[in-house]
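Notes follow the structure.
The values are calculated or read from the model by the stated rules, or taken from the named source; none is laboratory data. Being a predicted model, the structure only gives us computed values, none of them experimental. Please note: Cβ atoms are built from the backbone with ideal geometry, for glycine as well, and neighbour counts cover all protein chains shown. These area figures cover heavy atoms from the full protein model, side chains too; ligands, DNA and RNA do not enter into them. Shrake-Rupley method; radii C 1.70, N 1.55, O 1.52, S 1.80 Å.
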Amino acid sequence: DYLLHILVMVALYAILAGSFNLLIGFSGLFALSHAAFFGVGAYTTAILATGYGLPFPWPLLIGVGIAALVGLAIGLPALRVGGEYLVIITLALQIIAVAVMLNWTSLTGGTQGIGNVPRIHIAGTALDTAGRFLPLAVAVAALSLWCAWRLGASPFGRALRAMRENEAAAQAVGKNVVAMKLIVFAVSAGIASVAGSLYAHYIAFVSAVSFTIETTIYVLAMVILGGTGNLAGSVLGAAILVVLPELLKFVDLPPDIADKLRQVMYGVILIVIAYWNASSTEF
């Protein structure tokens, strides 16, 4: 169950990393609000499943729609600003989203979160263990990444890459940059919410602490390690950052300094991987 749990988390973070890569790698839109989309999917599922008894997959689908609308709202600032200004605005929106999760107590449970989220039932079987949940997580991750890949390989995806390289040139050849930014924010948000919905069903509990800026940075690191604009790399980055800390737990170290040494080893390994990735990309 321990190993299967790790694989489930790899699948969920692969969905997040792939959706974030659509923004950063394909579109060149550096935003720091991705954990908010993750949280929207999780809270939508928790609220609809516990409060209204909606069975899977309805909370997931509704969460995708709501997250897409939130993505459109967050994408609006991207129409007029870019670069470091977009980073600041989306960071502020991320903070606002967490504040809403913490303070709208009647809806989100506030600091107590929402517990007892129902497990997913398929063909009369409850997916209440990591082994039972893993096939669904892998299947949904594969479908989500395939959708992201199809989008990236489409003419729209090529237009996104053109916008990333030179927005003015993309506009000059007739591309609707405004529409492209809004669409990619909505699609990225919708896919991220899928991971949030599955996370809520799997953990059976949601709380705002899981959707802070630290989560966004964590997913950003996965994208960077795997390579921006590379969806397969997003899966690899998710696997590295989820699995590596667990592997280091098996390294025999003096008990009194084991945790600190593992953190140092973790950081050093990430630096080496990032350096190797940058070197291989350069050549």
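So, in the range 171-192, how many residues would count as being among the small types (Gly, Ala, Ser), in a helix (DSSP H, G or I) and without any contact (Cβ under 8 Å) to a residue 24 or more places away in the chain?
Total satisfying the criteria: 2.
Do you know which residues across the range 27-79 are of a type in the set (Val, Ile, Thr) and farther than 23 Å from residue 119 by Cβ?
70, 74
Please enumerate the residues belonging to the range 248-278 that are under 21 Å from residue 10 (Cα atoms) and open to solvent by 100 Å² or more (accessible area, probe 1.4 Å).
249, 250, 263, 271
If the requirement is being open to solvent by less than 30 Å² (accessible area, probe 1.4 Å) and within 30 Å of residue 205 (Cβ to Cβ), which of these qualifies: 186, 170, 139?
Exactly one of 186, 170, 139 is open to solvent by less than 30 Å² (accessible area, probe 1.4 Å) and within 30 Å of residue 205 (Cβ to Cβ), namely 186.
Taking the criterion of being out of contact with any Leu (no Cβ under 9 Å at 6 or more places or on another chain), over 18 Å from residue 28 (Cα atoms) and either among the hydrophobic types (A, V, I, L, M, F, W, C) or in a helix (DSSP H, G or I) (or both), would at least one residue in the range 152-170 satisfy it?
Scanning the range 152-170 turns up no residue that is out of contact with any Leu (no Cβ under 9 Å at 6 or more places or on another chain), over 18 Å from residue 28 (Cα atoms) and either among the hydrophobic types (A, V, I, L, M, F, W, C) or in a helix (DSSP H, G or I) (or both).
Considering only the range 1-43, how many residues are in a helix (DSSP H, G or I), open to solvent by 20 Å² or more (accessible area, probe 1.4 Å) and either among the charged types (D, E, K, R) or under 12 Å from residue 197 (Cα atoms) (or both)?
1
Would you be able to say whether some residue in the range 44-57 is assigned to a helix (DSSP H, G or I), of a type in the set (A, V, I, L, M, F, W, C), within 17 Å of residue 12 (Cα to Cα) and in contact with a Leu (Cβ under 9 Å, 6 or more places away or on another chain)?
Within the range 44-57, not a single residue is assigned to a helix (DSSP H, G or I), of a type in the set (A, V, I, L, M, F, W, C), within 17 Å of residue 12 (Cα to Cα) and in contact with a Leu (Cβ under 9 Å, 6 or more places away or on another chain).
I'd like the full set of residues that are in contact (Cβ under 8 Å) with a residue 12 or more places away in the chain and open to solvent by 30 Å² or more (accessible area, probe 1.4 Å), limited to the range 58-72.
Listed by number, the residues that qualify are 62, 64, 65, 66, 69, 70, 72.
Please work out which one of (1) at pLDDT 90 or above; (2) open to solvent by 20 Å² or more (accessible area, probe 1.4 Å) is the condition residue 192 fails and give its number.
Residue 192 satisfies all of (1) at pLDDT 90 or above; (2) open to solvent by 20 Å² or more (accessible area, probe 1.4 Å) except (2).
Kindly indicate whether residue 229 is touching a residue at least 12 places away in the same chain (Cβ under 8 Å) and either under 30 Å from residue 116 (Cβ atoms) or open to solvent by less than 40 Å² (accessible area, probe 1.4 Å) (or both).
Against the criterion (touching a residue at least 12 places away in the same chain (Cβ under 8 Å) and either under 30 Å from residue 116 (Cβ atoms) or open to solvent by less than 40 Å² (accessible area, probe 1.4 Å) (or both)), residue 229 qualifies.
List the residue pairs whose Cβ atoms are under 8 Å apart, where the first residue sits in the range 92-104 and is among the hydrophobic types (A, V, I, L, M, F, W, C), the second is surrounded by 15 or more Cβ atoms within 10 Å (Cβ to Cβ) and not in a helix (DSSP H, G or I), and the two are 6 or more positions apart or on different chains.
Close Cβ pairs satisfying both conditions: 93/33; 97/33; 98/212.
I'm told residue 203 meets every condition in (1) buried (at least 19 other Cβ atoms within 10 Å of the Cβ); (2) within 17 Å of residue 60 (Cβ to Cβ) except one. Can you identify the failing condition by its number?
(1)
Does the range 229-261 hold any residues that are among the small types (Gly, Ala, Ser) and under 17 Å from residue 3 (Cα atoms), and which are they?
Within the range 229-261, 238, 239 meet the criteria.
Can you tell me which residues in the range 78-100 are crowded, with 20+ Cβ neighbours inside 10 Å and not aliphatic (A, V, I, L, M)?
90, 94, listed by residue number.
Taking residue 260 as the residue in question, decide whether it is charged (D, E, K, R), under 19 Å from the mean Cα position of the chain (by Cα) and in a helix (DSSP H, G or I).
Criteria not met by residue 260.
For the range 191-212, check the following and say yes or no: at least one residue is of a type outside the set (Gly, Ala, Ser) and in contact with a strand residue (DSSP E or B) (Cβ under 6 Å, 6 or more places away or on another chain).
Yes, the range 191-212 has at least one match.
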